[in-house]
Structures are given as structure tokens and as C-alpha cells.
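The values are calculated or read from the model by the stated rules, or taken from the named source; none is laboratory data. Worth saying up front: this structure is predicted, and the values here are computed from it rather than measured. All Cβ positions, glycine included, derive from the backbone under ideal geometry; neighbour counts span all protein chains shown. Heavy atoms of the whole protein, side chains included, go into the accessibility calculation; ligands, DNA and RNA do not. Shrake-Rupley method; radii C 1.70, N 1.55, O 1.52, S 1.80 Å.
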Amino acid sequence: MGRKTARISAAALAGVLAVGLAACGRADQSAGTANTQDTNTGSKGGNKKVTITFQNIYPDPTTPTYKMLHKIVEQYEKENPNIHIELDSMNTDQQKMKLKTQAASKEIPDITIVNPAAQMKPFVDAGLLAPLNDMLDKNGLKGTYQDGLLDYYSFNNNVYALPDGNNIQVVYYNKDLFAQAGIKDTPKTFEELLEDVKLLKSKGITPIAIGEKDSWTGSFLFMNMLLRTNGGPGFLQDVLDKKKTFNDPAFTEAVSKFQELVQAGAFNEGATSVDYNAGGNIFKTGKAAMHIIGTWETGAIDASSVGGKVGVFQFPTVGGKGDVNQYMIAPGSAFAISANSKHLQETKDFLNYFTLNLPKVQFELKNAVGIGQKVEGDFKAAGYSDLAISILDLFKNVKGGDLAFDNTMNPATAQVHLGSIQNLFIQKADPKQVAQEHQSAFEANIK
């Protein structure tokens, strides 16, 4: 498939996640108004008025990420009055669809959002993204990223996007709702998880919140089961290498287990008509007991009405298989620049400033858990929650894992997969048939 990203070892993955998370205790990292770095990049548009369009996936004003975006943009515009940053904010699936339409006409925004590896490769192959090596070399920006992380966004020795995060998938749970249902301990096996789901359901509590209108969410959860039933990472890579097929028992068992959750009533009603943000808000407003999602949600959960009531646990073993210290790993969505930008240098200067300042502002907003850059600061002294500290402790023991399906397989196969998993929320299917759908799609789209 022509990319080295899918072959990074489990040890390397663990190393990437571990870098930069230790508290450094610098006194200048205390919370408060950001003293954003003056990057002095030398090209701020001169005297001409320049508008840079910044397509992003931070639409929710209640979240720390939204506040980070607006804080840095407003500071940049204040320092560079001839530059206007026009924000085009929408949820993840809306942005993906809009970008595909824009890419078809070769008119993508100055800055847009792409996802790593297989998802961004078509945009690179089409020549739509500008290489960012020169920008990374300015002001020490490259050195702020966790070691090895930029490999997921690199092709032919060029970096084409800068990630906003590097996360693992965990199970957030509402301690109060668990107590109401009489659940005294977090589940360590899938069988225990299923029992807890049924118990919560019997008490009138929605067990797991999800927004499956954005179909990646169900896939991300499903891939936890495949990681476990396969006994560890690498199933999709084995399919790519023709060592396995989707008809392998590990895959059909994962489908069966996923269906057990659905059939037990684990998810909120009408999950496929609820988008990602609304699904997350079901949990963040105390209306669901669990949310199985990436650690990027930590800051938003702490800032929500359930802040202080939430704990975290690792996705359990399935059928006695798997290691709970292996995770679905999510190198983040990333900022890319249009190769056809009419203001290429000004856009690079702004993105350099934005990404240099992102770690500090996120830290101050108590939203620096799971970001892709090295964090300088004492999390505990800065008042980070017990939840955040617990997650930072999980990062220290990561033993590798897998990337999401759509970051690994080609887009055509991924689309069949996303639709197939989404369909399981609506109707029961024969796991062998689901497996064959995947295999047929894969074989039809081998390049």
C-alpha cells in the first residue's frame, strides 16, 4: 500500500504515546491567560488584506477545544490585523463529506482537516496537499511532536499534515449511575460488561451512549472486539499481507460479540440518527452510564455536568482473549494546507503559530490529555482531575494496539465496513455473511 505507517511496531506505538506525558513542573505553565508565542515567521501578509479559510471540526462552543481554537485565532488576528482567519466549523462526518466534494473540484480550503494514513493518502496522491517540511523546520515546531507521530502523516519523506492528538480508546463510566444499578466494580471481561449492560437496562438507565449517525463511532468500538478476539493487534495488516481473510474466526467472533451488545439494548434508542456530538452529550448530561471513545474527550467530560463523577476503565478481554493494555490507538485528525492556496506562505505562517501555541493553551484549558505534542507542565499542580490523571497513568503502560479500520484499509473497503457495522445497530446479521461482505469488498478494491 506504499506507506510505512501501517507497519509501525507495537513497541513504537507505545513509545509514541508515552513521550511527553510526564509532568515537567515548569512554573510558567500555570493556568491563566495564554502568553502566546511570537513566532516572528517574517511573512504576515505585508499591508494587503488576507483571508485564510480554516475548515475545522470544533463546532461546539461548550468544549475546551472550541475555546482553544478561538483563543489562538483571536490572538493571531490581534497581532496581525491584516490577516483574517475565516472559520468553517462542523462535525466530523459533515467535514469529511464537504472535503470530498471540494477535493473533486480541486478547491479545498487553505487549511482543512484530514485523518492519518489510508484516509489522507488519496488527497496526497491527487496533489491537493502542500508538503509542510519547511514550516516544521521553523521555530522548532517539529520538535514539539511526540517521537514517531508525524510518520502517520508522511508520504515519500514529506509531512502533509500536523495532528491535533494522539489518543487511546477507553471506557468512561458514570460512577453514580453504576452505583444506582448496584454495580460495585468495573467489568474486567466482556461477559461482565454484558451483565452490567443488562443490569443497567433493567434499571431504566441507558448503558452506553453513542452517536452512530457518524458511522466511524460504531466501527471504532467494534475494532476493540477484533483486537481482543484476534489475541492482539495486526488483524487488518494480516489481511493486507494475505496471511488472513475476513472470514477468519477472529473476525466473525468479533461481529457476534458486537451483536450481543446491540441485542442486549446497550445503546441509546435511534443511535444511527444521533450524530457524534449529540451522542457524547447523552453521556455528558448524565443520561447514559458509559461512553466508549477516545481519550480526547477527557477535557470536555471534566467540563460537563458529570465532571467529577466519571471514572475510566480499559476495554475488557473477550472470551478470555486479549491484553487490556493494548488499545485502539488514534493518531488524531490533522491540519493540512491546500497546495493550491492563494496565500500559501501566510497560511503556513499562521499554522506554524497555531500549532506552536496549541499545547500551552490546551494545557491551560485543562484539555491537554491525549494531544499529539509534548506537554510541559505539572498536570496535578495545574488542577487536572482525578480522571485526567488516571488516563495519563494508562498511557504509561500502553503495549501497542491497532489503528482504526478506515485509517488502515483503502477508502472503498472502509466505506463498506462502516455501512456494514452501522447496519448491525438496525438489524441482526449472520456474522459469516458480514465477514464475506468485507472480504468481497477488499478483493474488489485491491490495488
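What order, most packed first, do the peptides 308-319, 215-226 have when packing is the mean number of other Cβ atoms within 10 Å of each residue?
215-226, 308-319
Greater than 23 Å separation of Cα atoms is the criterion. Which listed pairs, Lys106/Lys348; Lys106/Lys342; Lys48/Lys142; Lys98/Lys374; Lys374/Lys396; Lys121/Lys374, meet it?
Where the Cα-Cα span goes over 23 Å, the pairs concerned are Lys48/Lys142; Lys98/Lys374; Lys121/Lys374.
With a/c under 1.5 counting as rounded, go ahead and sort region 126-168 into rounded, prolate or oblate using the C-alpha gyration tensor (a ≥ b ≥ c being the square roots of the eigenvalues; past the cut-off, prolate if a/b is larger than b/c, else oblate).
oblate
For a label point 7 Å from the Cα of Gln180 along Cα→C-beta, name the residues of region 309-350 whose backbone N is under 16 Å from it.
Residues 309-311 qualify, since their backbone N sits under 16 Å from the label point.
At R0 = 22 Å, how high is the FRET efficiency between Asn423 and Asn445 if r is their beta carbon distance? Nearest 0.05 is fine.
0.70
Tell me, how many Å apart are the Cα centres for region 284-359 and for region 105-174?
Using only Cα atoms, the two centres lie 15 Å from each other.
Positive end of the dipole of the chain, charges at C-beta (+1 Lys, Arg; -1 Asp, Glu), about the Cα centre: which of Ser202, Val274, His438 has its Cα farthest in that direction?
Selected residue: His438.
Report the relative contact order of the chain, percent, no decimals, based on alpha-carbon pairs under 8 angstrom and at least 6 residues apart.
30
So how much slack lies between Glu107 and Leu87, counting 0.36 nm per residue of separation and subtracting their Cα-Cα distance, in nm?
Taking Glu107 through Leu87 to full extension adds about 5.6 nm, to one decimal.
I need the shape label for region 288-447. Rule: rounded when a/c is under 1.5, else prolate if a/b > b/c, else oblate, with a, b, c from the alpha carbon gyration tensor.
Oblate.
What is the Cα centroid distance between region 48-74 and region 421-447, reported in whole angstrom?
So the two Cα centres are separated by 38 Å.
Can you list, bin by bin at 10 Å, the percent of alpha carbon pairs in region 172-300, starting at 0?
Reading upward from the zero bin: 12, 40, 33, 12, 2.
Might you tell me the accessible area per residue for region 226-277, computed with a 1.4 Å probe and given in Å²?
I get 36 Å² per residue for region 226-277.
Taking all protein chains as present, what is the carbon and sulfur share of the accessible area of the chain, in % to the nearest whole number, probe 1.4 Å?
Reported share for carbon and sulfur atoms: 48 percent.
Roll a 1.4 Å probe over the protein chains and send me the accessible area per residue for region 306-447 in Å².
Result: 36 Å² of accessible area for each residue.
What does the charge count around Leu261 come to, taking other residues whose C-beta lies under 14 Å from its C-beta (Lys +1, Arg +1, Asp -1, Glu -1)?
Combined, the nearby Lys, Arg, Asp and Glu give -2.
Return the label of the correct value of Cα extents along the principal axes in Å, as calculated from the structure shown, out of [x] 64, 50, 38; [y] 71, 65, 44; [z] 59, 47, 36.
So the calculated entry is the one marked [x].
Give the lysines whose C-alpha is closer than 28 Å to that of Lys203, dropping any in the same chain fewer than 8 places away, or say none.
Lys175, Lys184, Lys188, Lys213, Lys257, Lys284, Lys287, Lys309, Lys428
Quick check: convex hull of the Cα atoms in region 46-87, volume per residue, rounded to a whole Å³?
Here the figure is 55 Å³ per residue.
What is the helix-to-structure angle for 344-364, meaning the angle in degrees between its Cα long axis and the longest Cα principal axis of the chain, kept from 0 to 90 and rounded to the nearest 10?
The answer is roughly 60 degrees.
Can you work out the accessible area per residue across region 86-201, with the rest of the protein chains kept in place, probe 1.4 Å, in square angstrom?
Dividing the accessible area of region 86-201 by its residue count gives 41 Å².
Could you work out how much longer the chain between Glu192 and Gln94 gets when fully extended? Use 0.36 nm per residue separation minus the Cα distance between them, nm to one decimal.
Result: 31.7 nm gained on full extension.
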